[in-house]
């Protein structure tokens, strides 16, 4: 199959996540960035296109212009899919327009600005016949996929307890008071939405809990805090969860834990044993048993499931990380798009990436967490 042609919306000067997406998309040589509307400022978009060695004719001043002009190109020239890496308030309209005009979409999380937009976008994605990928990065790690397969195979028995935490420390100070671009938009309700830490990293923890266990949370009870004076959105919180099989869980997400980086950590316990995965030791999965010592399973080994092996790029003992996990989502998405273009059938391993349903679940989590955090009636149905 030929390389897929990729267009990007967002990812201009000062953007962190745009560069991550570009690296991840290119890692396997399956796609090529050929077009972009990188900023709402046409001059900045043009500069980014120049820096990326793109043709001037394929660098646009707005996403609407890009979608309109790319659609008018011959089929063998136009982009195949669009990667959207804008702040949250600029997710829905570009994704909607892209899908409605026949382009596959990769969208950074959370899915949209609010739940209503997410539900509408899912309907559009479902009706479009196009692939839609939401970049919940951590589901791309091989040992996260192995954890999911262990539970799906019944190795732990019925799941009883889930602990998931995501501590960060980068917002321990009033960073948005400086010219730090990432802090400025992530703590701004007009651009980020109703949630701060819970929308930014709490959704990752929530998604990981549901992805690994295959369960869905049905009720939650939240304690939400604004710790740093002057901040407009939550920077710390904890959530109690109830799941659809009767299991209970605890979720913590905080961005004011000084000295912490990105220590996403999950433990799952069933009738017969447990498992544990930690982002700071991403190549390892701890498997616990009732009647024998714990085991440490490692990425890159032949005893792992086909899902873990498909998403491993290097021999055992060679660490893989964030960029590779991100690239796994892109590769699986791209393989599915290529299969559709060739009238083939995607393999189950290729279809294992977050889609619109996970996006709606994430927005539902955000809305209910904030509602519970502000209410005296703490337990709410999801």
With each label point set 7 Å from Cα along the Cα-Cβ vector, what nm distance links residue 116 and residue 44? 2.8 nm
Contour minus Cα-Cα distance for residue 301 and residue 65 (0.36 nm per residue): 80.2 nm
Quick check for you: which residues of region 279-296 have the amide N under 11 Å from the point 7 Å beyond the Cα of residue 262 toward its beta carbon? 279-280
Which residues among region 180-223 fall inside the zone where the amide N is under 18 Å from a point 7 Å beyond the Cα of residue 174, along Cα→Cβ? 180-189
FRET efficiency (residue 181, residue 100; Cβ distance; R0 41 Å; to 0.05) is 0.85
Please give the FRET efficiency for residue 126 paired with residue 345, using the beta carbon to beta carbon distance and R0 = 22 Å, rounded to the nearest 0.05. 0.70
Length added when fully stretched, residue 218-residue 28, from 0.36 nm per residue minus Cα-Cα: 64.6 nm
For the chain, percent of DSSP beta bridges that are antiparallel (nearest 5) comes out at 60 percent
Which whole-percent values make up P(r) of the chain when all C-alpha to C-alpha distances are grouped in 20 Å steps starting at zero? 28, 59, 13, 0
Length gain on complete extension for the stretch residue 378 to residue 294, per 0.36 nm per residue less the alpha carbon to alpha carbon distance? 26.5 nm
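Every number here is computed from the coordinates shown, using simple stated rules; none is lab data. The model shown is predicted, which means the values in this text are computed figures rather than measured ones. Note: ideal-geometry Cβ built from the backbone for every residue, glycine included; neighbour counts use all protein chains shown.
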